[in-house]
Every structure is written in C-alpha cells, then in structure tokens.
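So the structure is just underneath, and the comments pick up after that.
The values are calculated or read from the model by the stated rules, or taken from the named source; none is laboratory data. Note that the structure is a prediction, hence the values are computed from the model and not measured. Every residue, glycine among them, receives a Cβ derived from its backbone with ideal geometry; neighbour counts consider all protein chains shown. The accessibility values were calculated without ligands, DNA or RNA, using every heavy atom of the protein model including side chains. Shrake-Rupley method; radii C 1.70, N 1.55, O 1.52, S 1.80 Å.
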Amino acid sequence: MSSSILEFAERCARQAGQLIAGQRHQLTIQFKGSAAEELVTQADIAADTLICDAIKEQFPEHQILSEELSPDNPTDVAHLWVIDPIDGTVNYAHQHSQVAISIAYFFQGQVSAAVVYNPFSDELFAAEQGQGATLNGQPIRCSDKTELKRALIATGFPYVKDELPLLMRRLNTVLANCADIRRLGSAALDICWVACGRLDGYYESVKPWDFAAAQLIATEAGARFGHTYVPDGNPQLEGDNLLISNPALFEPLRQLLLRADQLSL
Ligand code: IPD
Ligand code: CA
Ligand code: CA
C-alpha cells in the first residue's frame, strides 16, 4: 500500500530540500512564540507550503499536521501527514548542516511511512512499517552497545527556557554516567542517527512533527522507541519525555532519567 506513498514523500522531501538549499543565502528571519523566542525563516513557510500543496493535490481527502501552516489540526483521522518543513531551523539560519525535512504518513493512527532528508549532506533516511529502514537506499541498524559508560547520547533544549533546572539535572546525570552528550540541533536527525548507530540514544521533549517520521526509521532499524513516563493518548504523536535508544540501553537510560527527576523531590 504505502510504497507509492513513500516514493511520493521522498519526492516532496527532495523538492523541499532543493528549495531550502536555494534560499539559505537570502534569509528573512522572524521570531514566533509567546515571547518571540523561536526563530523562523521564509524558507520554513515556503517548504511547508510546497509539501502541503503537493499532498492536497495528490491526496485531497488526507489531513495534514505541519509546524508552520497547520499546527493544530486533528490527529485522530484515517489518513494523516505530519510535516516538519525544516527541522533544525537555528542550524539552517546559522549555516550549519544538521538540517532536515521530515515527512510522516499515518494510517489509522499508526505511522506507516517516513522520510527524513538532509539536503546539505544529501542523506535520505526512509522507512515503511515492517520493511526495515534505509539511508540512501542501504539498510541501517542501530548500535549494539550495552554499556552506558560507552554510550554517546543526544538531547536538545526547548526554545522556552522555564524548565532549565530539570533539564540540567537530566543532563548532569546522563553525562556523569555515559561516554558523552551531543546537542546537534535537529531532533529528527538525532533519532535517525540513533537508527544508523552514529548515536546510541536520544532523549528530549519535542512536538509531534519533530519525531513523527524519525521514530519509524528508528524502530525499523531495531531501536526501541518510548517515553520516560507512560504518555496519555497516542504514543506515536506524544512528544513529551521521548526516549529512543538501542534496545539494551533503553531501560538503563530510562532509570537514569527517572533518577534525575527524583533529585528534585
Ligand atoms: C527543533 C529541533 C531541535 C530541538 C527543538 C526543536 P525546529 O526543531 O528539532 O533539535 O531541540 O526542540 O524545536 O524548531 O528546528 O523545527
Ligand atoms: Ca522541529
Ligand atoms: Ca521546524
């Protein structure tokens, strides 16, 4: 069913990739959010428009949840696309290369096809439910590391900084017990990098569009996807307290994060 959907998603991601690469040197930067804390460029809007127009033309009955154009759409529908037109906007605006377009297709509440494309490294991660995950067409697997002290872990920080003490406790605990930490600036790529073994684990609280596609790429590559705490609602759309790692490290990492949270009690 979804092979043609995956091909369509790949085409959209590549077209959006070309668009954002072409616009990067003439950026119009604005700030959004309640305290104007979140950077957004004209290319975020243009890429969102390109992808959403293509979906509306090809699948007029499907619903879309996308960061810039439709962030509040209902999620409990039969056919849902979840789009982050640029994941890593701060990197994008600062000429860093860790930037991706993320496109996920959900069928009856389950993520079933996913693409995460970095136009600056020309790396395309893709997965279909039950079919494995690929990077530029080659199968990928997560790492098989078993020791926390050898594990390289990624995380990120929200634009709104009102939970910094909690985040610093988690960072402190993870850093003290693992090999090292990376803050690379794109949640979608962080998760794809767990999928292909460049990282051993990732934790963060993010929005649905940040991880909707990458979660399928990670699980199809053998990684374990979940949360530090059992979420309300559909876990595949719940971004709070995400935890993704190779299977052996999932529970040890979860225990570390829980321990960090208990330090505040
Ligand atoms: C952000 C990135 C970042 C993560 C933030 C996200 P954006 O997405 O994924 O790595 O730490 O929480 O908001 O704003 O670049 O699409
Ligand atoms: Ca994002
Ligand atoms: Ca974005």
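With respect to (1) open to solvent by 10 Å² or more (accessible area, probe 1.4 Å); (2) within 15 Å of ligand 2 (Cβ to nearest atom); (3) not hydrophobic (A, V, I, L, M, F, W, C), the lone exception for H25 is condition (2).
Residues are listed down the side, and each one gets a yes or a no for (1) on the phi > 0 side of the Ramachandran plot; (2) more than 16 Å from ligand 2 (Cβ to nearest atom); (3) outside the structural domain of C196 (by TED's automatic domain parsing); (4) buried (at least 24 other Cβ atoms within 10 Å of the Cβ):
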site	(1), (2), (3), (4)
D87	no, no, yes, yes
Y105	no, yes, yes, yes
Q110	no, yes, yes, no
A114	no, no, yes, yes
L135	no, yes, yes, no
A154	no, no, no, yes
R169	no, yes, no, no
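Would you mind stating whether G185 is within 15 Å of ligand 1 (Cβ to nearest atom) and in contact (Cβ under 8 Å) with a residue 40 or more places away in the chain? Criteria met by G185.
Taken as a whole, the structure places Q98 among residues that are closer than 25 Å to V111 by Cα and within 14 Å of ligand 3 (Cβ to nearest atom). Taken over region 73-107, the criterion of being more than 16 Å from ligand 1 (Cβ to nearest atom), closer than 20 Å to T49 by Cβ and not in a strand (DSSP E or B) is satisfied by N73 alone. Mind checking which residues of region 32-56 are under 19 Å from the mean Cα position of the chain (by Cα) and closer than 14 Å to V82 by Cα? Within region 32-56, A47, D48, I51, C52 qualify. Of the strands (runs of 3 or more DSSP E) lying entirely inside region 198-265, those containing at least 3 residues that are open to solvent by less than 10 Å² (accessible area, probe 1.4 Å), in contact with a helix residue (DSSP H, G or I) (Cβ under 9 Å, 6 or more places away or on another chain) and within 22 Å of T134 (Cα to Cα) are 242-245. Mind listing whichever residues of region 91-106 are over 15 Å from the mean Cα position of the chain (by Cα) and within 16 Å of R182 (Cα to Cα)? Scanning region 91-106 gives H96, S97. Listed by first and then second residue, the pairs linking a residue in region 47-62 that is within 17 Å of P119 (Cβ to Cβ) and in contact (Cβ under 8 Å) with a residue 24 or more places away in the chain to a residue that is open to solvent by 20 Å² or more (accessible area, probe 1.4 Å) and part of a helix (DSSP H, G or I), with Cβ atoms under 7 Å apart and 6 or more places separating them unless they lie on different chains, are A47/L19; L50/Q15; L50/L19.
Condition check: under 20 Å from the mean Cα position of the chain (by Cα) and more than 14 Å from ligand 2 (Cβ to nearest atom). Does L184 satisfy that? Criteria not met by L184.
Which residues, counting only those in region 143-160, are under 18 Å from the mean Cα position of the chain (by Cα), over 18 Å from G222 (Cα atoms) and more than 16 Å from ligand 3 (Cβ to nearest atom)? Hit for region 143-160 is T155, nothing else.
Note on region 47-66: among residues that are open to solvent by less than 30 Å² (accessible area, probe 1.4 Å) and within 14 Å of ligand 3 (Cβ to nearest atom), the one that is nearest to F106 (Cα to Cα) is L65.
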